[in-house]
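Only one structure is covered here, and it is reproduced in the block below.
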Ligand code: CO
């Protein structure tokens, strides 16, 4: 992250039921729903809502055993992670490793929309799970 500052790609909120959550975010608040996608790999159904320069993602667990299912069971619904959009995720991950930052993903994996993503442990960030994402 030496050259260009990252932008906020999205803020993700864990919800037990997407349709119930959309009655606030889409119907009452009026945000456009860009997409609803099942991401099997992460065990979630995701609704992507449009803001002026970023997105809100609502994450509904596909099962109680999925990471988001366990998150809701232990902490309740709420803020799940923030995602920064970066230019060169591999380089950022190696810099973080050099600084002994606690990572969940040592290497990028493929996330929603085909982006390369990796998660940084909440213990490193001040308590909030952080996703790094690079769109090609
Ligand atoms: Co995300």
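Bear in mind that the values in this text are calculations on the coordinates, not laboratory data. These numbers were taken from a predicted model, which means no experiment stands behind them.
How large is the translational diffusion coefficient of the chain in µm² per second when you combine the Kirkwood radius over alpha carbon pairs with Stokes-Einstein at 37 °C and 0.692 mPa s? Let's see the in-between values first.
On the way: Rh = 15.5 Å.
For these conditions, the coefficient is 212 µm²/s.
Can you give the % of DSSP beta bridges in the chain that are antiparallel, to the nearest 5?
Working: 28 of 38 bridges.
Of all bridge pairs located within the chain, approximately 75 percent are antiparallel.
Calculate, in nm to one decimal, what residue 20 and residue 88 gain on full extension: separation in residues at 0.36 nm each, minus their alpha carbon distance. Provide the component values of the computation, followed by the final result.
Details: separation 68, 0.36 × 68 = 24.48 nm, distance 3.66 nm.
Taking residue 20 through residue 88 to full extension adds about 20.8 nm, to one decimal.
Based on the Cα atoms of the range 1-62, what semi-axes does the equivalent ellipsoid have, where each is the square root of 5 times one gyration tensor eigenvalue, given in whole Å with the largest first?
Details: eigenvalues 101, 53, 14 Å².
Its equivalent ellipsoid spans semi-axes of 23, 16, 8 Å.
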